[in-house]
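Novice: Take a look at this one; I'll ask things after.
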Amino acid sequence: MRKYGLIIIEGICLAVLVFGHLHWKNISQAAGVEAREAAAKVKEKEKEEKEALIQSLKSENNKQLPLIDYLHYKSMTQERVIVSLVGSNGTSGTGASNTLKSWAERLEKSLRANRDDLETLRFINHGHEGYSTEDLLEGKKIEAVIQDDPDLIIFENSLINNHYQSLSLEQTKKDFESIMTKLQKELPNAKILIISPNPVANSKTENSLGLNYLEYIQASEQVIKTNKWAYLNSKEEIEKKLSKKNMRLDDILTNDNIHLNDQGHYIWLVRGNGGIF
């Protein structure tokens, strides 16, 4: 009898163990299902939030979209984001002690460092020292920009060299319009921002045509205003920064009084980054 009692007890213990294991297994499975469902809900919510952000950043939904948000939108909807720079002395980094100190290089580094979502951002620099607007056209430099298939073009108008080479205002405006026509025709979906060159020490010095640097700035701004192109007057922005810091123009120019030194390129970045992005 005692033997049967032990067998019964062992059976009960075994049953408890079996049913306990099955119960724990069911609980574990249920917990796994709940965890997967929760993860799926989080993923779906993130997807919905991303889609909502993409919709809010679409240019057609926001005509005044800042360029930094435009680049953010592009980075979320395509594998690569290209910014092409085209211009002359300032864009090429003339005056900086090395390329990394130029405003263009500083800008790319700043955007990458401050925005994780812009990891796919790539800058392509088509700055050519000494080039006028005529040189950019004849040297096929605009075609090189078009080959980049960029999302954003930052165009530094080559007015310092146009003035130095004594190109007429009529030729300057004609070249300017030809460059923009080429870019807009071949790259209809790209955004284009025109920026003026930097300030120079002798802005009122006349060339062989009796024209000074400021007159080239004013002539180009007339064309920009007529066509309602996006524009940043870098010259004025840099001058505002100097006034605020109680600095002289000489402090940011090289010995030729035309090109920016390292500090000048940094100030261009600060004003440009704030004004552009």
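The values are calculated or read from the model by the stated rules, or taken from the named source; none is laboratory data. Computed from a prediction, not measured in an experiment: that's the story for all the values here. Note that each Cβ is placed from the backbone with ideal geometry, even for glycine, and that neighbours are counted across all protein chains shown. Calculation scope for accessible area: heavy atoms of the full protein, side chains included, ligands and nucleic acids excluded. Shrake-Rupley method; radii C 1.70, N 1.55, O 1.52, S 1.80 Å.
Novice: Shape call for the range 89-142 from the C-alpha gyration tensor, a ≥ b ≥ c root eigenvalues: rounded (a/c under 1.5), prolate (a/b greater than b/c) or oblate?
Specialist: Oblate is the answer for the range 89-142, as a/c is 1.5 or above yet b/c matches or exceeds a/b.
Novice: If packing is taken as the average number of other Cβ atoms within 10 Å across a peptide's residues, how do 66-75, 222-231, 176-185, 147-156 rank, most packed first?
Specialist: 147-156, 66-75, 176-185, 222-231
Novice: In square angstrom, what is the accessible area per residue of the range 87-203 with a 1.4 angstrom probe?
Specialist: 44
Novice: Hey, can you rank 237-245, 159-167, 258-266 by average C-beta count inside 10 Å, highest first?
Specialist: For the peptides 237-245, 159-167, 258-266, the packing ranking is 159-167, 258-266, 237-245.
Novice: Would you work out if the range 157-225 is rounded, prolate or oblate? Take a ≥ b ≥ c from the square roots of the eigenvalues of the alpha-carbon gyration tensor; rounded if a/c is under 1.5, else prolate when a/b is larger than b/c, oblate otherwise.
Specialist: It comes out prolate by the Cα gyration axes.
Novice: Report the full-extension gain for the segment D250 to D117: residue separation times 0.36 nm, less the Cα-Cα distance, to one decimal in nm.
Specialist: My answer for the length gained is 44.1 nm.
Novice: Then there is this: Report the full-extension gain for the segment S208 to E79: residue separation times 0.36 nm, less the Cα-Cα distance, to one decimal in nm.
Specialist: 41.5 nm
Novice: Taking the mean number of other Cβ atoms within 10 Å as a proxy for protection, how do you rank 93-104, 135-146 from highest to lowest?
Specialist: Taking the mean over residues of other Cβ atoms within 10 Å, the ranking is 93-104, 135-146.
Novice: Roughly to the nearest percent, how much of the accessible area of the range 69-134 is carbon and sulfur, given a 1.4 Å probe?
Specialist: The nonpolar share, carbon plus sulfur, comes to 41 percent.
Novice: Same structure, new question: Under 5 Å between amide H atoms, partner at least 5 residues away or on a different chain: which partners does S158 have, H built in plane at 1.01 Å?
Specialist: T133
Novice: My understanding is that a pair violates if its Cα-Cα distance is over 23 Å; which of K141/K241; K74/K225; K109/K140; K140/K204; K101/K245 do that in this structure?
Specialist: K141/K241; K74/K225; K109/K140; K140/K204
Novice: Let me ask something else about it. What residues have an amide H closer than 5 Å to that of H128, excluding those fewer than 5 places away on the same chain, when H is modeled at 1.01 Å from N in the peptide plane?
Specialist: G87, S88, S92
Novice: Let me ask something else. With label points built 7 Å along Cα→Cβ from the Cα atoms of Q218 and S166, find their separation and express it in nm.
Specialist: With each label placed 7 Å out from Cα toward Cβ, I get 2.1 nm.
Novice: According to the square roots a ≥ b ≥ c of the eigenvalues of the Cα gyration tensor, what is the shape class of the range 65-191, taking rounded for a/c under 1.5, prolate for a/b larger than b/c otherwise, and oblate for the remainder?
Specialist: Note, shape of the range 65-191 comes out oblate.
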